[in-house]
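The values are calculated or read from the model by the stated rules, or taken from the named source; none is laboratory data. Keep in mind the model is a prediction, meaning the values are calculated, not measured. Cβ coordinates were reconstructed from backbone atoms using ideal geometry, including for glycine residues, and neighbour counts include every protein chain displayed. Side chains are part of the model used for accessible areas, which takes the heavy atoms of the whole protein and leaves out ligands, DNA and RNA. Shrake-Rupley method; radii C 1.70, N 1.55, O 1.52, S 1.80 Å.
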Amino acid sequence: MKIPQEIIDQLIAQARKDAPEETCGYLLGIATEDGDVVKENYWMENIDHSSEHFSFAPKDQFAALKYARANGLKILANWHSHPASPSRPSQEDLRLANDPSIRYAILSLYEGIHLNSFKILNGEVVDKEVHLG
């Protein structure tokens, strides 16, 4: 999955703004012959307002899917920040990653800025891509 620098900058700005709480959203884009390309960050409120986990409101998830379809995009990744831990899935992240068709991106503000995305199947990381850091 390719994430343009402009979108990475948006993720970093949102993560810094919402810290110490986790922030979250979807990365929307298109599939190409060279792989998936992110076109937009679709931010959603972390309704848990927690520094250790996040949840989307179901109405926000539905709105994101409707927006993506209306604009010829698809949900490529679920993303969230880790304000005080590394860019790797927590046990909770692994447990809740139940859509095998998307990637799970984690932006860490811990010890520098790092952005990785993961393919997670049956609670296990099966692929990792480094996007920043």
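Beta-bridge orientation, the chain: approximately 80 percent antiparallel, per DSSP, counting only bridges with both partners inside.
Each Lys and Arg adds +1 at its Cβ and each Asp and Glu adds -1 at its Cβ; summed about the Cα centre, the chain shows a dipole of about 300 debye.
As a ratio to 2.2 N^0.38 Å, the alpha-carbon radius of gyration for the chain is 0.96. For residue 131, the amide hydrogen comes within under 5 Å of the amide hydrogens of 115, 116, 117, counting only partners 5 or more places away or on other chains and with H modelled in the peptide plane. Largest GNM mean-square fluctuation among 89, 20, 100, using the chain with Cα springs under 10 Å: 100. Measuring nothing but how far apart in sequence close Cα pairs (under 8 Å, 6+ apart) lie, relative to its length, the chain scores a relative contact order of 21 percent. Within the accessible surface of region 1-125, defined with a 1.4 Å probe on protein heavy atoms only, the carbon and sulfur portion equals 50 percent.
Counted by Cβ distance under 13 Å from residue 59, the other residues give a net charge of -1, where Lys and Arg count +1 and Asp and Glu count -1. Across every direction, the projection of the convex hull enclosing the Cα atoms of region 70-133 has a mean area of 4.8 nm². For region 1-74, the share of alpha carbon pairs falling in successive 10 Å distance bins from zero is 20, 43, 32, 4 percent. Count Lys and Arg as plus one, Asp and Glu as minus one, and take only other residues whose Cβ is under 10 Å from that of residue 116; the net charge is then +2. Of all aspartates and glutamates in the structure, the ones whose alpha carbon falls short of 13 Å from that of residue 17, not counting any fewer than 8 places away in one chain, are 9, 45. Whole-Hz Karplus values for region 40-52 come out as 8, 9, 10, 5, 9, 5, 7, 6, 7, 6, 10, 8, 10 Hz, taken residue by residue from phi with 6.51 cos²θ - 1.76 cosθ + 1.60 and θ = phi - 60°; glycine and proline positions read x.
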